[in-house]
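One structure below.
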Amino acid sequence: MKFRVDNLMDFKEGVVIPIYKPYDWTSFDVVRKVKNLILTKFRNHPTEKTKKLKVGHAGTLDPLAQGLIILCTGNATKRIQEIQDAPKEYVATIELGKTTPSFDLETLYDQEFPIEHITEKFVKETLLSFVGEQEQIPPVYSAKNIYVKRAYEFARKGLDIEMKPSIITISEIELTKFNLPNIEVRIICSKGTYIRTLAHDIGKALNCGGHLVGLIRTRIGSYSLDSSVTIHEFEKILATL
């Protein structure tokens with residue numbers, strides 16, 4: 001069921017909003033836009049007035065990714081940690097045969113490798129080896145906190161930093177499209193999983209290198225992409241209140 005709200009004051013009481021994050025938007029861009037839309041509605045409402053409203057998101061999504069992001073308002077912000085801890089589902093497009101320093105399209109190609117040995121069967125067999133609990137090293141081009149700064153701040157200056165591994169779990173991973181040099185993979189994983197790193201590691205395991213060229217988050221816990229609304233749809237919902 002698509003998101004809906006019946007009363008403007010529900011936002012102060014607490015609402016969980018599944019939003020479709022557009023490509024090239026940061027998670028903070030979405031929070032700021034939605035918060036401003038709600039506060040503007042409050043200011044223009046004939047009876048309901050408020051100047052302050054708590055709005056937060058339950059887990060970031062990279063600017064180059066799109067799909068589901070969960071926003072919480074009012075008292076529902078107490079649920080942020082619970083939602084963040086839930087398993088996530090993604091659909092990732094990986095280009096094989098090329099690598100980038102950021103493991104995605106943020107940076108240019110740095111190496112190229114042959115892919116003539118890649119078969120659909122080989123990819124499926126290799127993906128199975130990623131199922132289960134494992135250590136994963138976050139990418140240096142990430143928002144991971146390192147010495148009170150974001151890792152990408154060091155990486156963009158060309159500084160070497162040591163990224164410590166995290167324990168993650170891949171519950172499910174399957175090949176959904178095989179169209180070399182690209183493959184499409186559906187993944188269900190624990191919080192803290194970097195799909196960019198997974199794309200890089202899959203390319204490494206296939207002996208051809210790889211990087212992420214497309215990513216859609218389709219589920220967070222019980223919230224699915226089908227229940228989400230775009231920013232434009234959210235504006236139309238507000239207009240009815």
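The values are calculated or read from the model by the stated rules, or taken from the named source; none is laboratory data. Predicted, not measured: the structure shown is a model, and the values here were computed from it. Glycine also receives a Cβ, built like all others from the backbone with ideal geometry; neighbour counts cover every protein chain displayed.
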Please pick out the residue among G192, G158, G203, G214 that is at pLDDT 95 or above, outside any strand (DSSP E or B) and small (G, A, S). G203
Scanning region 76-115 for residues that are over 18 Å from P138 (Cα atoms) and hydroxyl-bearing (S, T, Y), the one modelled with the highest pLDDT turns out to be T93
Checking D226 against (1) assigned by TED's automatic domain parsing to the domain that holds D62; (2) charged (D, E, K, R); (3) buried (at least 16 other Cβ atoms within 10 Å of the Cβ), which test does it fail? (3)
Please count how many residues of region 56-82 are surrounded by 21 or more Cβ atoms within 10 Å (Cβ to Cβ) and either more than 14 Å from Y23 (Cβ to Cβ) or assigned by TED's automatic domain parsing to the domain that holds K204 (or both). 7
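To keep it simple, each residue is scored yes or no on (1) in contact with an Asp or Glu (Cβ under 8 Å, 6 or more places away or on another chain); (2) closer than 22 Å to L68 by Cβ; (3) crowded, with 16+ Cβ neighbours inside 10 Å; (4) not polar (S, T, N, Q).
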| site | (1), (2), (3), (4) |
| --- | --- |
| T176 | yes, yes, no, no |
| L198 | no, yes, yes, yes |
| G203 | no, no, yes, yes |
| G210 | yes, no, yes, yes |
| R219 | yes, yes, yes, yes |
| H232 | no, yes, no, yes |
Any residue in region 32-58 that's touching a residue at least 40 places away in the same chain (Cβ under 8 Å): show its pairings with residues that are surrounded by fewer than 13 Cβ atoms within 10 Å (Cβ to Cβ) at Cβ separation under 7 Å, as long as the two are six or more apart or on different chains. none
Kindly indicate the residue of region 87-112 that is within 28 Å of I69 (Cα to Cα) and in contact with a Pro (Cβ under 6 Å, 6 or more places away or on another chain) and also surrounded by the fewest Cβ atoms within 10 Å (Cβ to Cβ) among those meeting that condition. T107
Taking the residues in region 42-75 that are polar (S, T, N, Q) and part of a strand (DSSP E or B) as candidates, determine which candidate is nearest to I220 (Cα to Cα). Q66
Does I115 count as surrounded by fewer than 21 Cβ atoms within 10 Å (Cβ to Cβ) and part of a loop (DSSP other than H, G, I, E, B)? yes
